[in-house]
Each structure stands twice: as structure tokens, then as C-alpha cells.
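What follows is a short report on a single structure.
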Amino acid sequence: MSDKSFNPFKMAQQQFDAVADKLNLDKATRDLLRNPMREYHFTIPVKMDDGTVRIFQGFRVQHNDSRGPAKGGIRFHPEETVDTVRALATWMTWKTAVVDIPLGGGKGGVICDPRVLSMREQEQICRGWVRQIARNVGPVQDVPAPDVMTNGQHMLWILDEYEHIHGGQYPGFITGKPVGMGGSLGRTEATGYGVIYTVREALKHLGIDIKKATASVQGSGNVAQYAIQLFSKLGGKVIAVSCWDNKDKKAYTYACKEGISSEKLLGSVDKFGTIDPEKAKKYGWEKLDGDAWIEQEATVLIPAAHENTINAENVNKIKASVKLIAEGANGPTTPEADVVIQKKGIFLVPDFLCNAGGVTCSYFEQVQCNMNYFWPKEEVLEKLDSKMTSAFHAVLKMAQDKKVYNRDAAYMIAIQRVADACRLRGWVGL
Ligand code: GLU
């Protein structure tokens with residue numbers, strides 16, 4: 001995200017345009033789907049702990065709601081831009097469509113750094129965010145969720161403020177809530193576990209025994225943590241994990257040939273996913289450069305941090321041992337890197353399929369809230385596995401039938417579903 005010349009929205013549009021050509025979409029449908037339907041930009045005044053007032057910039061982008069209410073997380077990041085939010089909202093539309101859940105695509109954000117804000121200040125940002133947008137979001141309009149550096153606590157503050165404004169209980173307004181407060185069991189694990197359900201299926205397809213597979217993971221936040229947990233549980237070995245160190249303001253990769261156990265990893269990260277260097281040293285993990293995760297002799301690479309991390313500069317560093325790339329993050333691979341990955345013949349599980357477990361479980365959370373009846377964790381995870389597995393196989397079949405790259409196959413399924421919904425509603429077409 002620090003590369004100022006990288007524009008994720010341009011990348012999302014470039015990916016869309018390529019597939020729109022393959023699908024022969026008419027001009028009106030293209031113009032509709034390559035842009036967000038609505039977007040909101042607003043200021044959030046916050047009284048800081050030191051008595052000063054700071055004005056934060058907030059966004060909500062609703063890319064498309066033809067298949068259901070817009071759906072997507074709220075990110076807190078100091079380098080947030082509206083183009084990042086636009087790209088992520090667009091990817092949410094494709095994500096909910098590829099797993100075939102009745103929701104659209106949206107995303108929100110606030111330019112702020114929660115790592116240097118108190119909990120009280122963060123609460124004020126959450127409440128201020130929803131005060132500015134309360135008329136334009138809701139269970140039947142647009143349903144937020146956690147994303148980068150936000151969690152269940154943030155969601156609950158947002159819900160509480162929304163319920164004060166609207167004078168009622170609206171648990172279906174927001175997902176990723178804490179368990180016991182309208183949250184679903186399994187939601188915390190869902191994105192990372194969903195990544196590994198697709199990894200499991202991809203390895204099966206490639207004829208690779210997961211017990212002999214190794215993985216190098218970029219990121220050590222929620223998605224990475226639970227991906228590592230399930231990959232290890234299924235017998236795979238994680239040999240490297242990279243993380244952001246907020247003290248040094250740079251990333252490091254921790255590597256260990258014998259394997260990094262998920263228990264040790266979970267025991268050595270803080271709430272933002274930074275690995276404690278002292279603990280890493282004690283466990284004998286080698287401390288390498290932040291980019292070293294991509295150069296590891298692993299079977300699987302799991303970029304699970306943020307956008308633009310596999311690009312023209314580093315894609316050629318990927319070792320021949322790598323047979324699979326599973327995109328836990330949104331938008332980690334640039335179109336230039338995609339060309340090289342295709343040429344190398346590496347099997348790729350594209351982001352909006354690979355990390356769709358989070359929003360799929362959010363949908364289950366909404367369903368449970370609507371029924372006011374909550375399922376046991378095993379039931380949630382079983383339903384999640386079945387959704388992810390069938391979406392994976394639908395994409396694989398499309399890629400094989402049409403002889404296209406997996407990313408294009410996923411896009412073809414998703415874009416066609418959304419284009420059909422827009423046509424059936426009479427928004428486009430004759
Ligand atoms: N923020 C997650 C994503 O990018 C989850 C969104 C949701 O649950 O609505 O998919």
C-alpha cells in the first residue's frame with residue numbers, strides 16, 4: 001500500500017475489462033459494472049484523549065446491490081485511499097457472486113492508525129462513522145463487517161450507535177459481531193479456514209499430499225493466523241511467515257525449516273499481528289527481510305496481507321517448488337505478475353474466491369440473526385466448507401472447459417451472475 005503509483009481501482013477495472021471482452025458484455029452493462037453505484041465521503045470529528053479535536057476522513061462505497069444488500073468490511077488504515085475502497089467494494093461484488101450468496105458488494109474505510117489510537121478514540125471514530133452514513137446503510141441496504149485493523153468490538157460500537165439513531169434492535173445490520181452479541185461461531189476463523197478449504201481442494205486436484213506440502217505465508221493477522229492453524233491441522237508445514245513490525249515501521253519474515261507451529265505463532269503475536277521478536281528468537285525462527293516470504297522453497301504461497309504484494313518486481317523470485325498460490329488477501333497480485341504466474345504454470349486460487357469464507361460466514365451470521373437462533377460451530381464450519389468447496393470446483397470446471405486462467409474463470413462466473421441480475425431487474429439490456 002505504500003507504493004503511491006499503484007492504483008488498486010485501476011487494477012480492478014483492468015481485470016474487469018479483460019473478462020467483459022471474453023463475455024461479450026454490452027456497453028451499458030460494462031459502464032455500470034466497472035464503476036461503483038454510489039459512494040459517500042465524509043468527515044468524522046473526534047475529541048481526542050489530549051483534549052484536541054481531530055477530523056478523520058471516512059468512506060463507504062456501494063459498488064453493486066443487484067443481487068442483495070451491499071456487503072463488505074470497514075478498514076482502518078493510515079494509508080487508506082478512496083480508490084482502495086472502490087477496488088475492494090468492486091471485489092466484494094464478485095466475491096459474493098462467486099460463492100452465490102444473496103448479497104452485493106461494498107466497502108468502507110477511515111484514514112486512521114488504530115495502532116496509535118486509544119480504545120476510546122477508536123470508539124468515537126466508529127460511532128462518528130455510522131452517524132454520518134446511518135441513513136444509507138442497514139440490514140436491507142448495506143451491511144458492514146470487520147476488515148483490516150477492525151474487529152468485533154468496533155462492529156458492536158457501530159451497531160450500538162446505529163440502533164440509537166434508528167430506535168430499535170437491528171442485529172442484521174452488521175456482521176463479525178462478538179459471539180453472544182449476535183455474532184456467529186466460526187466467524188473469526190472463517191476467512192483463514194476458507195482459504196485452506198480451497199488449498200485442500202487445489203492440492204487434491206494437483207495430486208499433492210497436503211502432509212508433504214509446505215507453505216510460506218505473507219501476513220500474520222486474522223486471515224493468516226487461521227489459515228496457518230488449519231493448514232497445520234491438516235498435516236501441512238508452515239516454513240515462513242512475514243509480519244509488519246510497527247516499532248521498526250517495516251516488515252520481517254520469520255522462517256523455520258522445521259515448521260512454525262500455529263500455537264507458537266498465536267502465542268507470539270499482538271492484536272495487530274506483529275510477532276514478538278524475542279519470542280521468535282527463543283523459538284529459533286530466523287529473522288529475514290520482509291520480502292523473503294516470496295523466495296521460500298515452499299509448495300504453497302499464501303499472500304494474506306494486503307494489495308500489490310506480488311508484482312512485476314518480485315514475481316520472478318518465486319521458486320520452482322511453488323505449485324500453488326492461494327490469495328488470502330484482496331488484490332495481492334498485479335495483472336503484470338499474473339502473466340508470469342500463468343507462464344510458470346502455477347495454479348492460482350484467486351482472491352475473491354480464496355478469501356470468500358469471511359463474507360460467507362457473515363451471510364450465515366445474518367441468517368442466524370434473522371432467525372434469532374444460533375448454530376453450533378461445527379454446523380457453521382461444515383456449511384462454510386461446503387459453500388467454498390462447491391465454488392472452488394465451479395471455478396475449476398469453468399477454467400478447464402474454457403481453457404482460461406483461474407482468475408478469469410472466477411470472474412466469468414461472478415460477472416455473468418451480476419450482469420444477469422442487472423438485466424433481470426431491467427437496469428440494462430432490452
Ligand atoms: N472484510 C471481509 C472481506 O473482505 C469480510 C466482509 C464481510 O464479511 O462482509 O471479505
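The values are calculated or read from the model by the stated rules, or taken from the named source; none is laboratory data. Small disclaimer: the values here were computed from a predicted structure and weren't measured. Methodologically, a virtual Cβ is constructed for each residue, glycine included, from the backbone with ideal geometry; neighbour enumeration extends over all protein chains shown. Side chains included, ligands, DNA and RNA excluded: accessible areas come from the protein's heavy atoms. Shrake-Rupley method; radii C 1.70, N 1.55, O 1.52, S 1.80 Å.
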For LYS377, indicate whether it is within 16 Å of the ligand (Cβ to nearest atom) and charged (D, E, K, R).
-> no
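Could you identify the single residue in GLY167, GLY194, GLY180, GLY172 that is without any contact (Cβ under 8 Å) to a residue 24 or more places away in the chain and within 30 Å of ALA391 (Cβ to Cβ)?
Values: GLY167 fails: within 30 Å of ALA391 (Cβ to Cβ); GLY194 fails: without any contact (Cβ under 8 Å) to a residue 24 or more places away in the chain; GLY172 fails: without any contact (Cβ under 8 Å) to a residue 24 or more places away in the chain.
Among GLY167, GLY194, GLY180, GLY172, only GLY180 is without any contact (Cβ under 8 Å) to a residue 24 or more places away in the chain and within 30 Å of ALA391 (Cβ to Cβ).
Residues are listed down the side, and each one gets a yes or a no for (1) crowded, with 21+ Cβ neighbours inside 10 Å; (2) in contact (Cβ under 8 Å) with a residue 24 or more places away in the chain; (3) out of contact with any Ser or Thr (no Cβ under 8 Å at 6 or more places or on another chain); (4) charged (D, E, K, R):
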{"site": "LYS323", "(1), (2), (3), (4)": "no, yes, no, yes"}
{"site": "LYS343", "(1), (2), (3), (4)": "no, no, yes, yes"}
{"site": "ASN355", "(1), (2), (3), (4)": "yes, yes, no, no"}
{"site": "THR360", "(1), (2), (3), (4)": "yes, yes, yes, no"}
{"site": "VAL367", "(1), (2), (3), (4)": "no, no, yes, no"}
Within the range 134-141, is even one residue more than 16 Å from the ligand (Cβ to nearest atom) and touching a residue at least 12 places away in the same chain (Cβ under 8 Å)?
-> yes
Looking at this structure, is PRO171 open to solvent by 10 Å² or more (accessible area, probe 1.4 Å) and within 15 Å of the ligand (Cβ to nearest atom)?
-> yes
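From the residues in the range 204-225 that are touching a Lys or Arg at 6+ places or on another chain (Cβ under 8 Å) and in a helix (DSSP H, G or I), which one is farthest from LYS383 (Cα to Cα)?
Among residues in the range 204-225 that are touching a Lys or Arg at 6+ places or on another chain (Cβ under 8 Å) and in a helix (DSSP H, G or I), the one farthest from LYS383 (Cα to Cα) is LEU206.
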Of SER184, SER232, which residue is away from the ligand (no atom under 16 Å from the Cβ), of a type outside the set (Val, Ile, Thr) and either at pLDDT below 95 or within 22 Å of the chain's Cα centre (by Cα) (or both)?
-> SER232
Which of the residues belonging to the range 119-166 are assigned to a helix (DSSP H, G or I), more than 30 Å from CYS243 (Cβ to Cβ), open to solvent by 40 Å² or more (accessible area, probe 1.4 Å) and charged (D, E, K, R)?
-> ARG131, ASP160
Mind checking whether some residue in the range 377-400 is open to solvent by 10 Å² or more (accessible area, probe 1.4 Å), touching a Ser or Thr at 6+ places or on another chain (Cβ under 8 Å) and modelled with pLDDT under 95?
-> no
Applying the selection to the range 293-307, what residues are at pLDDT below 95 and either open to solvent by less than 20 Å² (accessible area, probe 1.4 Å) or of a type in the set (Asp, Glu) (or both)?
-> GLU307
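Does ASP385 fit the bill of being under 19 Å from ARG187 (Cβ atoms), away from the ligand (no atom under 16 Å from the Cβ) and of a type in the set (Asp, Glu)? Walk me through it before giving the result.
On the way: under 19 Å from ARG187 (Cβ atoms): yes; away from the ligand (no atom under 16 Å from the Cβ): yes; of a type in the set (Asp, Glu): yes.
Spelling it out, ASP385 is indeed under 19 Å from ARG187 (Cβ atoms), away from the ligand (no atom under 16 Å from the Cβ) and of a type in the set (Asp, Glu).
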Test each condition in (1) free of Cβ contacts under 8 Å to residues at least 40 places away in the same chain; (2) of a type outside the set (Ser, Thr, Tyr); (3) surrounded by fewer than 20 Cβ atoms within 10 Å (Cβ to Cβ); (4) over 24 Å from GLN14 (Cβ atoms) for GLU313 and report the one that comes out false.
-> (4)
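Conditions tested, residue by residue: (1) out of contact with any strand residue (DSSP E or B) (no Cβ under 8 Å at 6 or more places or on another chain); (2) buried (at least 17 other Cβ atoms within 10 Å of the Cβ); (3) part of a loop (DSSP other than H, G, I, E, B).
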site	(1), (2), (3)
SER242	no, yes, no
LYS279	yes, no, no
ASP291	no, no, no
GLY331	yes, yes, yes
ALA337	no, yes, no
Residue check: is GLU79 more than 15 Å from the ligand (Cβ to nearest atom), among the acidic types (Asp, Glu) and assigned to a loop (DSSP other than H, G, I, E, B)?
-> yes
Which numbered condition VAL99 misses (of (1) within 16 Å of the ligand (Cβ to nearest atom); (2) within 25 Å of HIS306 (Cα to Cα); (3) open to solvent by 30 Å² or more (accessible area, probe 1.4 Å); (4) in contact (Cβ under 8 Å) with a residue 60 or more places away in the chain) | (3)
Out of the range 62-74, which residues are away from the ligand (no atom under 13 Å from the Cβ) and either of a type in the set (S, T, N, Q) or not in a loop (DSSP other than H, G, I, E, B) (or both)?
-> ASN64, SER66
When you look at MET48, is it open to solvent by less than 70 Å² (accessible area, probe 1.4 Å), in contact with a helix residue (DSSP H, G or I) (Cβ under 8 Å, 6 or more places away or on another chain) and over 26 Å from LEU103 (Cα atoms), yes or no?
-> yes
Condition broken by THR84, with the remaining ones in (1) within 14 Å of the ligand (Cβ to nearest atom); (2) in a strand (DSSP E or B) satisfied | (2)
